[in-house]
Amino acid sequence: MTAASQTLQRSDAALGTWARVFRVFFALVPNPAVRAIRKAVQIGPIEELVIVGRRSGHDRRVLIVLAQVGSLWYVGHPNGDSANWVLNLIAAGRATVITRAGATAVRAVLLGPGEERNIAIREHTSQQKALPTRLLYRAARTYITSAGAFFRLEPETEK
């Protein structure tokens with residue numbers, strides 16, 4: 001599946017209770033505090049993703065859980081395309097991952113239903129380190145499976 005042809009199948013489940021719970025939850029996350037703590041100490045697999053905005057053309061920065069399975073990286077959002085960064089990543093097809101080790105340009109591949117997406121969801125859920133977050137993701141597993149958007153991030157090679 002090429003980046004340009006990626007689309008997300010919007011689920012009616014995205015309009016339900018879990019969608020509202022996750023919207024409120026993410027609205028309450030103190031991003032400036034998390035960014036400051038992340039600079040000072042390693043706080044789990046929280047990294048920064050820089051994506052070009054689909055309408056503005058400006059870089060947009062978002063903190064994400066970067067799930068690693070072997071040499072593969074996965075990111076996702078439980079509310080799927082209700083998250084602007086998901087729509088930006090689908091439109092751009094690429095991003096930059098900023099970790100303590102440096103910046104890596106990546107190509108984003110939206111995962112469709114199947115084993116790889118199930119692995120990405122499982123790892124993304126298991127790598128939630130904060131207790132409330134971990135419990136929330138586990139309780140909402142069925143919703144996340146139906147409505148979430150998950151991507152494999154592949155390092156871009158220089159040509």
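The values are calculated or read from the model by the stated rules, or taken from the named source; none is laboratory data. Because the structure is a prediction, the values reported are computed rather than measured. Neighbour counts are summed over all protein chains in view; Cβ atoms, including those assigned to glycine, are modelled from backbone coordinates with ideal geometry. With ligands, DNA and RNA removed, areas are computed over all heavy atoms of the protein, side chains included. Shrake-Rupley method; radii C 1.70, N 1.55, O 1.52, S 1.80 Å.
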Mind listing the phi-derived Karplus ³J(HN,Hα) values for the stretch 107-116, rounded to whole Hz, using 6.51, -1.76 and 1.60 with θ = phi - 60°, and x for any glycine or proline?
9, 9, 10, 5, 8, x, x, x, 5, 5
Of the residues TYR74, ALA101, ILE37, the Cα lying farthest along the dipole of the stretch 19-134 towards its positive end, which is defined by charges on the beta carbon of Lys, Arg, Asp and Glu, belongs to ILE37
How large is the accessible surface per residue of the stretch 32-127, computed with a 1.4 Å probe and reported in Å² as a whole number?
47
Would you calculate, for the chain, the mean residue ellipticity at 222 nm contributed by helices, counting each DSSP H stretch of 4 or more residues as -39,500 (n - 2.57) and dividing by all residues, to the nearest 500?
-11000 deg cm²/dmol
Cut-off of 10 Å, at most 15 other beta carbons, DSSP loop: longest stretch of the chain lacking such GluC sites (Glu not before Pro)
1-155
Computed over the stretch 8-149, the ratio Rg/Rh where both radii use C-alpha atoms and Rh is Kirkwood:
0.93
So what are the ³J(HN,Hα) numbers for the stretch 134-141, from phi and the Karplus equation (6.51, -1.76, 1.60; θ = phi - 60°), rounded to whole Hz, Gly and Pro as x?
4, 5, 4, 5, 5, 5, 9, 3
Taking all protein chains together and a probe of 1.4 Å, list ILE144, ILE37 from the most accessible to the least accessible.
ILE37, ILE144
Any idea what the dipole of the chain comes to, in debye rounded to 20, about its Cα centre with Lys/Arg Cβ at +1 and Asp/Glu Cβ at -1?
420
Whole-percent carbon and sulfur contribution to the accessible surface of the chain (1.4 Å, no ligands, DNA or RNA) stands at 57
Compactness relative to 2.2 N^0.38 Å, alpha carbon Rg of the stretch 78-159:
1.17
